[in-house]
1. Of these, Lys257, Lys237, which one is part of a helix (DSSP H, G or I) and more than 24 Å from the chain's Cα centre (by Cα)?
2. Looking at the stretch 69-120 only, could you name the residues that are under 13 Å from Ala138 (Cα atoms) and among the small types (Gly, Ala, Ser)?
3. Which one is farthest from the chain's Cα centre (by Cα), of the residues in the stretch 156-170 that are charged (D, E, K, R) and part of a loop (DSSP other than H, G, I, E, B)?
4. Restricting to the stretch 214-232, name every residue that is at pLDDT 90 or above and under 16 Å from the mean Cα position of the chain (by Cα).
5. Give all pairs with beta carbons closer than 9 Å in which a residue from the stretch 24-39 that is in the same structural domain as Pro199 (by TED's automatic domain parsing) and buried (at least 20 other Cβ atoms within 10 Å of the Cβ) meets a residue that is modelled with pLDDT of 95 or more and in a loop (DSSP other than H, G, I, E, B); count only pairs at least 6 apart in sequence or on separate chains.
6. With (1) part of a loop (DSSP other than H, G, I, E, B); (2) under 23 Å from Leu322 (Cα atoms); (3) in contact (Cβ under 8 Å) with a residue 12 or more places away in the chain as the list, and Leu205 as the residue in question, which single condition is left unmet?
7. Of all residues in the stretch 257-296, which are polar (S, T, N, Q), farther than 19 Å from Asn333 by Cα and in contact (Cβ under 8 Å) with a residue 12 or more places away in the chain?
8. Does the stretch 355-363 contain any residue that is touching a residue at least 40 places away in the same chain (Cβ under 8 Å), in the same structural domain as Leu212 (by TED's automatic domain parsing) and either among the basic types (Lys, Arg) or in contact with a Lys or Arg (Cβ under 8 Å, 6 or more places away or on another chain) (or both)?
Amino acid sequence: MEQLFQKSRLRLNAIQTGHVRNKYEQIDWSDRLIGILGPRGTGKTTLLLQHLKLNQTDTAIYLSLDDVYFTNHSLIDLVEEFRLQGGRKLYLDEIHKYPGWSREVKNIYDTWHDISIIFTGSSIINIFQQEGDLSRRAVFYELPGLSFREFLSFEQVYELPKTTLPDLLKNHGDMAADYSQQFSPVKYWEQYIRYGYYPFYKENLNTYPLRLEQVIRLILEDELRFVEGFDLNNVRKIYQLLSILASNVPFKPNISKLSEKIGINRLTLVQYIHYLEKARLINTLSAVGKSISILQKPDKIYLENPNLHQVLTPGKTDKGSLRESFFLNQLRNAGHEVELPKQGDFMIDETYTFEVGGKSKSFTQLKGLKNAFIAADDMEIGGFNKIPLWMFGLLY
């Protein structure tokens with residue numbers, strides 16, 4: 001146990017608290033069981049350690065569940081000893097790597113009411129399919145990558161307030177006029193789409209593409225194995241699938257042709273597309289009014305965020321793909337429902353229709369629609385229903 005405390009202290013000593021994600025303030029840390037889920041590389045471990053460091057106490061400990069300690073010790077046994085030594089709060093990292101984690105966490109929660117647990121896990125985890133029913137016990141939060149707004153804060157450019165979509169649509173002209181006097185939004189937006197989504201860009205900008213490539217590899221080779229029934233022999237085929245999708249986004253999938261090209265059956269292919277979306281490597285869209293299920297092919301596929309283009313399609317990235325990837329990513333991460341309309345590129349919350357393009361984009365494709373807008377690149381200030389694309393990065 002003392003060795004585990006030493007490891008915890010070492011991790012705390014190394015963590016910085018100068019940049020804290022906005023999600024930190026949205027979490028009610030007083031709950032007794034908290035789950036922070038999200039894709040690899042978005043800063044879940046950092047958030048966990050920052051909270052422990054900012055609230056340091058001798059009754060708390062940080063533990064990584066892939067620690068060699070857990071090869072011959074159970075989590076429940078640790079908690080029993082931890083309580084005897086006065087321990088009361090557990091910060092558990094990468095919980096999905098511990099076999100039977102949900103059952104043991106449930107038993108700890110139900111047995112010891114003086115123990116609190118905050119854990120992180122992969123976005124691939126399906127909480128509702130775990131052995132222990134945590135859905136009624138835990139409060140879950142999703143940690144995405146940085147928004148454009150957060151990137152500006154991390155770069156110490158300007159502290160922008162979060163805005164809502166209705167406020168943005170109504171007041172974008174005044175907001176953009178004000179903000180563009182403080183900094184050059186298009187300049188920083190172009191930096192953001194190259195390297196600003198994953199917080200680890202701060203560690204070394206020169207090796208950021210290599211680190212991001214490693215993140216993709218770890219997701220495919222390591223995290224997908226925690227999906228129930230996943231066949232590790234198909235990892236190479238998923239690499240091939242991701243490469244095909246990345247080279248053609250926005251992609252309208254022909255499942256039969258894709259299945260034949262990759263060499264896996266249609267049903268398995270649709271499931272793998274679903275897993276890639278759960279891992280936050282792609283985003284999918286379904287047509288307005290269409291039911292969504294794991295067994296149904298999407299109508300359109302995008303890379304989950306613009307930074308992925310730099311690794312998966314280096315030197316070949318279409319600007320239109322970057323624009324649409326950014327728009328879809330920021331709206332989804334802000335909690336909005338996004339669908340594929342008959343007219344335009346995106347329908348938001350069954351109310352607003354958007355076309356995404358350059359500053360010369362016209363309203364031709366939106367003719368006759370109510371609540372129709374253009375999200376336009378290469379402009380700092382818009383007018384009427386044409387809104388600068390970068391402003392949609394202020395929603396979370």
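The values are calculated or read from the model by the stated rules, or taken from the named source; none is laboratory data. A quick note: this is a predicted structure, and the numbers were derived from the prediction, not measured. As a convention, Cβ positions derive from the backbone with ideal geometry for all residues, glycine included, and neighbour counts pool all protein chains shown.
1. Of Lys257, Lys237, the one residue that is part of a helix (DSSP H, G or I) and more than 24 Å from the chain's Cα centre (by Cα) is Lys257.
2. Ser102, Ser116
3. Looking at the filtered set, the residue picked out is Glu159.
4. Listed by number, the residues that qualify are Val215, Ile216, Leu218, Ile219, Leu220.
5. none
6. Every listed condition holds for Leu205 apart from (3).
7. The answer is Thr268, Gln271, Gln296.
8. no
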